[in-house]
Amino acid sequence: MRFGPVPLDQALGGVLAHSVDLTDGRLRKGHVLGAPDLAALAAAGRTEITVARMEPGDVAEDDAALELARALVSGPGLRLAPVGTGRVNIHAEGPGVVRIDAPRIHAANAADPMITIATVPEWQRVTAGTMVATVKIIAWAVGGAALARACAAAAGALGHCAPVMSQAVLIETTVGDGPPLAKGLRVTGQRLARLGVTLAHHVVVPHRIDALAAALAAAPEAGLVLILTGSATSDPRDVAPEAVRAAGGTVDHVGMPVDPGNLLFLGRFRDRPLIGLPGCARSPALNGADWVLERLVCGVAVTPADIQAMGVGGLLMEIPTRPQPRDPA
């Protein structure tokens, strides 16, 4: 693409690079100049004007943005907004999490400085209408070869994982004679509801290995098992992990490098994923349990390695009501 100032008698058919005020009215940038426009510019005292001109092999900004956006999206659950000014926004059609192949996005953005893709963070939870990405062609046109490289690099790099579970079980434990905090049940129900999951079963038992193991064994079938203890799980052999093992389940990982959320544990019971929720899950504020729960509900496997890789970006907003805030002062 050629870009720069030209005499008016050479500007016919060029794309106006900047808006221009006329004696009567205004020509807006992006306008393709015709003979009447050049006459109006001359009447306004202009002798030259800055334009962009496509060269052989160039692809206009809107066409390029649409082609790249179509290459980027993989599978159902995402929709492309109408293209305009070289931009296509991509939105979620329903609840879920966003799958992003970051190396592919990086490679596409490296194809040409005028070709850009911006996305939300990987595995971001979304609802219907959430914008998950935007494709923007900065220049009025880009070379066809660069666009082809970007499309090949970005192919299938963006996807939507919809919820695959419909029900969950919550087991709470209490220490002493006091009842559990009501907000644990309420907030957990809210977390599940935003992904279309209902809480099919809730029970409260004493904070003992035998009582919790019995509650697990008696729980009805559901896609996800959640345990919220009255005393934090601070060791792989603490009450809740040991109760899971006693009931015939497995504990795959204890702890996570996300704060709030350090005291989470992950396991399986009757071939269903199980999360030992940290105490901060009683707050509606974002915590590490959200990242694990949301992926599991949407059918995305979470391994110990996945959890251990959450540390960068894992320093989340402080919850003032926590008993041990980060800053002792």
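Residues checked against (1) surrounded by 19 or more Cβ atoms within 10 Å (Cβ to Cβ); (2) among the acidic types (D, E); (3) touching a residue at least 40 places away in the same chain (Cβ under 8 Å):
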{"site": "L170", "(1), (2), (3)": "yes, no, yes"}
{"site": "D177", "(1), (2), (3)": "no, yes, no"}
{"site": "L181", "(1), (2), (3)": "no, no, yes"}
{"site": "H202", "(1), (2), (3)": "no, no, no"}
{"site": "R208", "(1), (2), (3)": "no, no, no"}
{"site": "L212", "(1), (2), (3)": "yes, no, yes"}
{"site": "L216", "(1), (2), (3)": "yes, no, yes"}
{"site": "A222", "(1), (2), (3)": "yes, no, yes"}
Verdict on G25 being closer than 30 Å to A162 by Cβ, modelled with pLDDT under 95 and not polar (S, T, N, Q): no
Pick from the stretch 219-267, criterion within 31 Å of the chain's Cα centre (by Cα) and among the hydroxyl-bearing types (S, T, Y), ranking: farthest from L170 (Cα to Cα): S234
Checklist (1) modelled with pLDDT under 95; (2) outside any helix (DSSP H, G or I); (3) over 30 Å from V51 (Cα atoms) applied to A128, failing item: (1)
Elements of type helices (runs of 4 or more DSSP H) contained in the stretch 232-309, each with 1 or more residues being touching a residue at least 12 places away in the same chain (Cβ under 8 Å), more than 23 Å from R99 (Cα to Cα) and of a type outside the set (K, R): 239-246
Residues within the stretch 15-31 that are surrounded by 12 or more Cβ atoms within 10 Å (Cβ to Cβ) and within 18 Å of I137 (Cβ to Cβ), tallied: 6
Evaluation of P82 against (1) free of Cβ contacts under 8 Å to residues at least 12 places away in the same chain; (2) assigned by TED's automatic domain parsing to the domain that holds I227; (3) touching a strand residue (DSSP E or B) at 6+ places or on another chain (Cβ under 9 Å) (one fails), failing number: (2)
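The values are calculated or read from the model by the stated rules, or taken from the named source; none is laboratory data. Since the model is a prediction, treat every value here as computed from it, not as a measurement. Quick reminder, even Gly has a Cβ in these numbers, built from the backbone with ideal geometry, and neighbours come from all protein chains shown.
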